[in-house]
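Notes follow once the structure below has been shown.
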Amino acid sequence: MFDVDQVVHLNGRLVALGEASVPVLDRGFIYGDGVYEVVPVYVREPFRLPQHLARLAHSLAGVRMDNPHSDAQWEAIIRELISRQPFADQAVYLQITRGVARRDHSFPKGVAPTVFMMANPLPLPPREQVEHGVAVVTAVDNRWHRCDLKTTSLVGNVLLRQLATDAGAAETMLFRDGYLTEASASNVLVVRGGTVVVPPKDHHILPGITYDATIEFARAVGVPVVTRPVPQAEALAADELWLSSSTKEVLAITRVDGKAFGGGTPGPVFRKVWASFQRHKPQAR
Ligand code: PDD
């Protein structure tokens, strides 16, 4: 299930996962009142850490919590945690909640935040998913209007992801008011006529670090990218659809709602940009 001896970070201390516990009155448990990040780590080197820390600061400010650490302190404790794991490629999960207090919706006063971090093996997609793509289902995006904040209140995303799992698919692609937003735990990129089209980073999508990296690595190999709202009908009639996230990198969507999409196989633009991604990410030395 999980390794009770795994070294995790809780409130400034490294402890065994089996020993790490949080009081039941933690507002993360009671309200989902917290924010989180997932940072991919290749050969013990965090990928785009400054960008992840900047997004963490944005999420904290968005929920009106103080940042408990400077970026330099975050980097030091993240690297310490990474160095304590037996595997080289990792997904560092960190979460900060508004702390432990008597249950009352209003912010408690003078309460220290809870800081938890763990580093798990990086679950990159199997070769078969890279080569053949993945299935998605579609759904109406019924989450709140601050999807730009990476909060631990994820029941909306959880219910949407389960629609995919129930259908044997990898993700649920979401549409709000007739426009593409993202997927339950990934961003979605669209290809039309050789151009990558991406929805703007507004309050309705998480500003994905991998979304930015994919755009950069596409441009690096001469693939044009434009940012604009993507109507649902246009997305579903696109040449290619991709998912991006820290744990998926970039993957082609080859089935939508049980039907083959884009010929049922990853398209040529995907192949080119996936190869560019592999060349640009930190490599084993
Ligand atoms: N999910 N959109 C949502 C709703 C997400 O939860 C994620 C990431 C992304 C992609 O962001 P990034 O490229 O920075 O990973 C987009 C993480 C991996 C998770 O919750 O496990």
Problem - Percent RCO, i.e. relative contact order, over the chain, from Cα pairs under 8 Å lying at least 6 residues apart - result: 18
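Work the Kirkwood hydrodynamic radius out for region 146-193: mean of 1/r over every pair of different alpha-carbon atoms, inverted, in Å. Kindly include the intermediate steps, with their values, before the conclusion.
Numbers: mean 1/r = 0.0851 Å⁻¹.
Here the Kirkwood hydrodynamic radius works out to 11.8 Å.
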Completion exercise
Taking only protein heavy atoms and a 1.4 Å probe, the highest-to-lowest accessible-area order of Met118, Met173 is Met118, Met173
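Can you put Phe87, Phe107, Phe277 in order of accessible area, largest first, using a 1.4 Å probe? Provide the component values of the computation, followed by the final result.
Details: Phe87 55, Phe107 95, Phe277 0 Å².
Descending accessible area places them as Phe107, Phe87, Phe277.
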Exercise for the section: Report the accessible area of Lys201, computed with a 1.4 Å probe over the heavy atoms of all protein chains in place, in Å² rounded to the nearest 10. Expected result: 100
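Would you work out what percent of the accessible area of region 134-201, with all protein chains in place, is carbon or sulfur (probe 1.4 Å)?
56
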Problem - Helix-only CD estimate at 222 nm, as mean residue ellipticity for the chain, using -39500 (n - 2.57) per DSSP H run (n ≥ 4) - result: -8000 deg cm²/dmol
Fill in the blank from the handout: Expected vector for region 171-185, Karplus 3J(HN,Hα) from phi with 6.51, -1.76, 1.60 and θ = phi - 60°, integer Hz, x for Gly and Pro, equals 8, 10, 8, 10, 10, 10, 6, x, 10, 5, 9, 7, 10, 5, 8
Exercise for the section: Measure off, as a whole percent, the carbon and sulfur share of the 1.4 Å-probe accessible area of region 7-121, all protein chains present. Expected result: 55
Practice task
At 1.4 Å probe size, with every protein chain present, just tell me what the per residue accessible area of the chain comes to in Å².
Solution key: 47
Practice task
Could you grab the relative contact order for region 113-188? Cα pairs under 8 Å, six or more apart, rounded to a whole percent.
Solution key: 30
Fill in the blank from the handout: Rg from C-alpha atoms of region 127-280, normalised by the globular rule of thumb 2.2 N^0.38 Å, equals 0.95
Practice task
Would you mind pulling out the separation of the Cα centroids of region 107-129 and region 251-285, in Å?
Solution key: 26
Problem - Taking region 147-210 and dividing mean pair separation by its residue count, relative contact order in percent (alpha carbons under 8 Å, at least six apart) - result: 33
Fill in the blank from the handout: Between the residues Gly28, Phe116, Ser83, the Cα farthest towards the positive end of the dipole of region 7-121, that dipole coming from +1 and -1 charges on the beta-carbon of Lys, Arg, Asp and Glu, is from Gly28
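Report the net charge of residues surrounding Leu124, where surrounding means a beta-carbon distance below 9 angstrom and charges are Lys +1, Arg +1, Asp -1, Glu -1.
Working: positive: Lys248; negative: Asp89, Glu249.
Charge balance in the 9 Å sphere: -1.
Ratio of region 7-121's C-alpha Rg to 2.2 N^0.38 Å, to two decimals? Display every interim value, and only then the final one.
Values: Rg = 14.2 Å, N = 115, 2.2 N^0.38 = 13.4 Å.
Ratio of Rg to 2.2 N^0.38 Å for region 7-121: 1.06.
Starting from the eigenvalues of the Cα gyration tensor, five times each then square-rooted, give me the equivalent ellipsoid semi-axes of region 165-238, largest first, whole Å. Spell out each step's value before the answer.
Numbers: eigenvalues 81, 40, 33 Å².
Here the semi-axes work out to 20, 14, 13 Å.
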Handout entry: Size of charge dipole - region 1-133 - debye, nearest 20, with Cβ of Lys, Arg +1 and Asp, Glu -1, no other charges
Key = 480
Practice task
Have a look at Ser276, Gly262, Thr181 and report the one farthest towards the positive end of the charge dipole of region 127-280, computed about the Cα centre with Cβ charges (Lys/Arg +1, Asp/Glu -1).
Solution key: Ser276
Completion exercise
Log entry: pair-distance distribution for the chain, C-alpha pairs binned every 10 Å from zero, whole % per bin is 6, 27, 34, 23, 9, 1
Handout entry: Cα-based helix-to-principal-axis angle, 155-166 vs the chain, degrees rounded to 10
Key = 50
Handout entry: Distance from region 180-237 to region 1-54 (C-alpha centre basis), Å
Key = 29
Practice task
Could you state how much accessible area Arg255 has, in square angstrom rounded to the nearest 10, with a 1.4 Å probe and all protein chains kept in place?
Solution key: 110
Exercise for the section: Might you work out the accessible area of Asp177 for me, using a 1.4 Å probe with all protein chains in place, and round it to the nearest 10 Å²? Expected result: 140
Practice task
Starting from the Cα of Lys248, draw a straight line to each of the aspartates and glutamates and keep only those under 16 Å, dropping any in the same chain fewer than 8 residues away.
Solution key: Glu37, Asp89, Glu128, Glu131, Glu171, Glu182, Asp212
Problem - Accessible surface ranking that places the most exposed of Asp89, Asp166 first, with a 1.4 angstrom probe - result: Asp166, Asp89
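The values are calculated or read from the model by the stated rules, or taken from the named source; none is laboratory data. Note that the coordinates shown come from a computational prediction; the quantities given were computed from them, not determined experimentally. Positions of Cβ are generated from backbone atoms using ideal geometry, with glycine treated the same way; all protein chains shown enter the neighbour counts. Calculation scope for accessible area: heavy atoms of the full protein, side chains included, ligands and nucleic acids excluded. Shrake-Rupley method; radii C 1.70, N 1.55, O 1.52, S 1.80 Å.
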